1. Taking region 202-251 only, how many residues are part of a helix (DSSP H, G or I), of a type in the set (S, T, N, Q) and within 16 Å of G31 (Cα to Cα)?
2. Only one of these conditions is not met by H87: (1) modelled with pLDDT of 95 or more; (2) in contact with a helix residue (DSSP H, G or I) (Cβ under 8 Å, 6 or more places away or on another chain); (3) of a type outside the set (V, I, T); (4) outside any strand (DSSP E or B). Which number is it?
3. Out of curiosity, is V39 touching a residue at least 12 places away in the same chain (Cβ under 8 Å), among the hydrophobic types (A, V, I, L, M, F, W, C), assigned to a loop (DSSP other than H, G, I, E, B) and surrounded by 24 or more Cβ atoms within 10 Å (Cβ to Cβ)?
4. Which one is nearest to F115 (Cα to Cα), of the residues in region 167-201 that are aromatic (F, W, Y) and part of a helix (DSSP H, G or I)?
5. Within region 7-36, restricting attention to residues that are free of Cβ contacts under 8 Å to residues at least 60 places away in the same chain and either surrounded by fewer than 21 Cβ atoms within 10 Å (Cβ to Cβ) or among the β-branched types (V, I, T) (or both), which residue is farthest from S241 (Cα to Cα)?
6. Quickly run through region 90-127 and pick out the residues that are over 25 Å from N171 (Cβ atoms) and either within 20 Å of the chain's Cα centre (by Cα) or in contact (Cβ under 8 Å) with a residue 60 or more places away in the chain (or both).
7. Is it the case that L222 is among the aliphatic types (A, V, I, L, M) and in contact with a Lys or Arg (Cβ under 7 Å, 6 or more places away or on another chain)?
8. Which residues, counting only those in region 117-159, are part of a strand (DSSP E or B), closer than 26 Å to S215 by Cβ and not hydrophobic (A, V, I, L, M, F, W, C)?
Amino acid sequence: MAAGLDAFDMAGKTIFITGGSRGLGFEMAKGFARAGANVVIASRKLDACEEAAREVEALGRGKALPMALHVGNWDGLEAAVDAAWAHFGRIDVLVNNAGMSPTAPSIVETSEALFDKVIDVNLKGPFRLAALMGARMAAAGGGSIINISSTGAIRPQPHSAPYAAAKAGLNALTTAFAFEYGPSVRVNCIMAGPFETDISKAWSQQEKDSYTVKSGSALKRLGRPDEIVSAALYLGSDASSYTTGAMIRVDGGLP
């Protein structure tokens, strides 16, 4: 077993990241590449994945594979897993990062279509991907699954109730999958707080303050996207060999 900083070396490992072409997913892809890993960058738009793959591949020693994938499309997930596995020979880490958080004017005005879309991308898709990947990882001798949840799961708000429910469900799945695929496959969760991503650019200063200063955040600021990388590297690498079923908050100290 690697010790010290060597435990974070990902050379020869392959990482599959959904929503990997931008935001937190792109930062994690770059972080794993710098640590030496191959990276599958999966997202809905192939051109965005291809551009991200070029940038990621230039950073590290591994290769990057762009892949068009809609996580909410249950029937398309098995083919994506097959293609990634065939290309690299195995997948060592799955990062279930893809998500969406559209809001509704109120809970009663939330449409069935919006509810279903949020559940499909944030809960149903990650469930299916983790099931497919986890089974293969276990058969191959091991691996790590990282679910990217949200502090919204434990601090739900009316305007995003379906999103909060989906992320709370993802927290629950983390524990269930840790038992399903242990001891060879570890399954953990990062509950992300508010970060300065593309989504936050549309927020007013008042909204940003509501997530930080007014919420009582200990650090009183939004996170930088690169500040999630160290937690992902920890959970994806041998450094976390005795960590599974864990929920790690990376949120600037929200109460």
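1. The number of residues fulfilling the criteria is 1.
2. Only one criterion in (1) modelled with pLDDT of 95 or more; (2) in contact with a helix residue (DSSP H, G or I) (Cβ under 8 Å, 6 or more places away or on another chain); (3) of a type outside the set (V, I, T); (4) outside any strand (DSSP E or B) is unmet by H87, namely (2).
3. So V39 does not fit the description; no.
4. Filtering first and then ranking leaves F177.
5. Taking the candidates together, the pick is R34.
6. Within region 90-127, R90 is the sole residue that qualifies.
7. Spelling it out, L222 is indeed among the aliphatic types (A, V, I, L, M) and in contact with a Lys or Arg (Cβ under 7 Å, 6 or more places away or on another chain).
8. N147, S149, S150
The values are calculated or read from the model by the stated rules, or taken from the named source; none is laboratory data. Quantities reported herein were computed from a predicted structural model and do not represent experimental measurements. Using ideal geometry, Cβ is built from the backbone for each residue, glycine included, and neighbour counts are taken over all protein chains shown.
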